[in-house]
Amino acid sequence: MNSDRGKPRTAAGPPRTINVHKFAESRASELESLHSIVKERLSNDFRSQRSKRRRTTGHDNRLAKSRDRKKQKAGEVNVTNPGYLEKDKKKLPRHVRRKLELTKNSLDGFSTSGDGTKRLRTHLWHAKRFTMTKLWGFYLPLGVHGRGRGSRALLKKLKGGVLVHDASYCSAVQLEGPEDLLLSILETVLVPSPCSHCEDARSDILSGAIYGSAELHHVGAVFSQTIAPVTYMWQPQQCRNADTNVDHANICGEQQKVDGCSSLRRLWVWIHAAAFREGYNALQNACERQVDAAGTRVNCISLENHLGKLEVMGSRASQLLQKMLHPSTCSSVNSSLVKYASYIENDDQIPSSAIFSLSVDDPRFLDKDITNASEAKVQDILSYKKDENGGNGTPKRDMKLLPCSFLEPEGSHGLSQCIDLWDTKKDIDPPIEENILCMEKHRQRMELFRIGDTSTGRQQPSIERRFSRFCPILLLRSDSQKTSIIRWSIILPLSWIKVFWMAIVTNGAQAIGLREKHWISCELGFPCFPREFPDCSAYSCFMALEEAADDKKSELRSPHTRTWKVPVPSPWDSLRFALEGLNGAAHGRVQHEQLLPHDMIRNIAMNNPYLRSCKTETESSCGAPFEGFVARTCNVLIQFLDEIKASHLLLFPKVLHSKKCIGKFMKDEKILNEDAGGVIYQINQDQKLCLVRVLLHAYREGSFEEGAVVCAPHIDDVMLWTTRSEISKGELQVPESFARSCFSQQATGEWEFQVPEEPAAKESCRLPIGFITTGFVRGSKKPVAVALCEAVCLARLREEQWKAVGVRKRRKEIYVLVRNLRSTAYRLALASIVLEQWEDDLECM
């Protein structure tokens, strides 16, 4: 007894297993007392309430037996056949096979259906909550279930919360080669090219600090057919130096090493899925044509099945990313880490179009207790010391990550290494499988409560593959001056899409589809591709699907409730009537008979890229919806006016150091009395239409729908609306017969504008100058519609309206008339040209 006194006694823990019968016997008195209390409350009636009963047939196997009997009678199942198990073995149900396929997380590529349609990595999540549509070779979320409403709540969430959209259907094309050769290629296919920017912006783009936006064109004429708006970014120079084993510490002192490594550069061009194949072929064609003196070519590689893209937008988007993204200290791009750490403290100081190349921790391993923003400062995460060997030390604050040592094989250092996203030659390890994480969490809980067998081993992956706790990403910020809403884009490997998607959604972001994205683009004032790009082939394909869906919807209605058919897509070629009509009204002697002779037009077309007859071989093979183009930069609009000798027109593109200011012209009384130096602008039959994007605000009342026609008003119409307090009924309306037959569909399927012959229709008819591409969004505090109108017609209308009023009553906006296609009433609207407010209109959604 005395020998046992010196030994320390260990506290006996609870038993790992419990015998239920012995436990009940030892607590019999307590259980009886509880039973008596429940018995009194239920009045000794332990039957379940009838209102809470549920009928179930899961226990009844008669249904399964009846199905087997029917198959045996039909001869489908032959049980007596000894080869039944091998030959007639039934496959798994389709929903089971599809679920197994969708739960896989391959390194690259998308899962496909039977017809080859691709599914996003978040398809299973979207299919349960959204209406899915087959578009551009993908199953994409169209919008939430319902009748297409909910824009009011969406805009409220945009201004006070966070929205997220899976844009993995957009893909990148990688160009790799000498820098001068890459610049020469981009100069032939991009408008504007990187060399056309100012010196500061050009150096930032080439260094990889910011990304650029441009329009991709076919190789050939400078203003050939547009393919799609693109976003391009250069690989940072320090990343390239790391790939080529250049001593990064001595770069500043050894300029020769930098020059030797900077000759070979890498470039990504992001293209929308609606025009990816056409854009990739155009870039590949441009690379084959460009060869330097040494015979070096540029490699053109498609990254269609390797990278994904998540778009996060809203007033609190930066706070959500700051909470979720925790850069690891092993990132190879230290400059991006330092910039990100310095900018995240003050979000207003982040430059627009900035790019951050980061390696972040798996968001599933962050402790949920880290909810305070002050505790999760990225600046504290990045505050580390460097040791004498130049390596990274330990951070000041521990990251409270879940234990993950069981996933790292012995002797493997690949899990802790951070790979840059630009290096596509190396396989980026996928995230840890979800079932492994669940089993490990379950095992930790069992150990905590001392339940179960401790000898049970840890869960191992089903397939021998490597996993990682770090993911390389590219973080792109889009902070346009047009709006105060911040937008971020996260570019990451496809295998990591599910992980970051669930992390963003669980942190309070609301997912949106294509319909909601269109509403947001209109609210923010950005064009939406391909809906607002009629000069692209993708527009024709998209509108053909819209027309087929509209026809199918119309056929489902009864004949007495069916409305008349309207043109889908808009007949853009009908704008030529207004272009010739307004020009003839301005110069009364210009008629069709007095146009330039055909041989003179043919000679001018050889030197004028804005004439319809000037087509390249590639452009002729692509079916464009109309013969024209959309001017999305001020330089393109100015060049167009110079080519057609119409620089005197009242169009004022916003260009730095421009002498042509709209404020001075509005206050100048003599400017409209001059004859513009004797220059008379005449319309050419072969001249291309030049469209500009305008924002339409209703003058007093009216709701503008998508596809509505924008017409040129007479000066009497404008005076009638602006001078009188009330408009009597019957004014500014067209007969219903003309509204039905205004646009007629030909045998070829094209729509044409019909000149009215009736006197009443002739008097009320107004010539079209454009069409609305995006109508009013319900719930918007400042409803605005987006339209594409002919530039010359707008200039003529402005000149006519300025002449009719005094200097003090002149406005920057232009009065136009808008009529919905199934309506007979005109509504007055104010049109603001986007290029008169901003230098370019390239940023789109």
Within the range 741-753, can one find any residue that is in contact with a helix residue (DSSP H, G or I) (Cβ under 6 Å, 6 or more places away or on another chain) and more than 25 Å from PRO527 (Cα to Cα)?
yes
Evaluate the following for TYR211: is it surrounded by 19 or more Cβ atoms within 10 Å (Cβ to Cβ), under 23 Å from GLY314 (Cα atoms) and aromatic (Phe, Trp, Tyr)?
yes
In the range 135-166, the residues that are surrounded by 19 or more Cβ atoms within 10 Å (Cβ to Cβ), under 28 Å from PHE542 (Cα atoms), among the aliphatic types (A, V, I, L, M) and in contact with a Leu (Cβ under 7 Å, 6 or more places away or on another chain)
LEU140, VAL164
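Which of the helices (runs of 4 or more DSSP H) found entirely inside the range 733-828 contain at least 3 residues meeting this: over 30 Å from GLU547 (Cα atoms) and either open to solvent by 20 Å² or more (accessible area, probe 1.4 Å) or of a type in the set (Asp, Glu) (or both)?
Hits in the range 733-828: 759-764, 791-804.
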Assess whether TRP501 counts as being out of contact with any helix residue (DSSP H, G or I) (no Cβ under 9 Å at 6 or more places or on another chain) and either open to solvent by less than 40 Å² (accessible area, probe 1.4 Å) or modelled with pLDDT of 90 or more (or both).
no
May I ask you to list the residues in the range 99-129 that are touching a His at 6+ places or on another chain (Cβ under 9 Å) and among the acidic types (Asp, Glu)?
ASP108
Test result for VAL566, part of a helix (DSSP H, G or I) and open to solvent by less than 20 Å² (accessible area, probe 1.4 Å):
no
Within the range 471-494, how many residues turn out to be surrounded by fewer than 22 Cβ atoms within 10 Å (Cβ to Cβ) and over 24 Å from SER213 (Cα atoms)?
0
Could you please tell me which pairs satisfy a Cβ distance under 6 Å, a separation of 6+ or placement on different chains, a first residue in the range 178-193 that is in a helix (DSSP H, G or I), and a second residue that is polar (S, T, N, Q)?
LEU181/GLN290; SER184/GLN290; ILE185/GLN290; LEU186/SER193; GLU187/SER193
Restricting the search to the range 527-550, which residues are open to solvent by less than 40 Å² (accessible area, probe 1.4 Å) and touching a strand residue (DSSP E or B) at 6+ places or on another chain (Cβ under 9 Å)?
PRO527, CYS528, PHE529, PRO530, GLU532, PHE533, PRO534, ASP535, CYS536, SER537, ALA538, PHE542
Given (1) part of a loop (DSSP other than H, G, I, E, B); (2) at pLDDT below 90, index of the condition PHE629 fails:
(1)
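The values are calculated or read from the model by the stated rules, or taken from the named source; none is laboratory data. Note that the structure is predicted; figures quoted are calculated from it, not measured. Glycine gets a Cβ as well: all are built from the backbone with ideal geometry, and neighbour counts include every protein chain shown. Accessible surface is based on the protein model in full, side chains and every heavy atom, while ligands, DNA and RNA are left aside. Shrake-Rupley method; radii C 1.70, N 1.55, O 1.52, S 1.80 Å.
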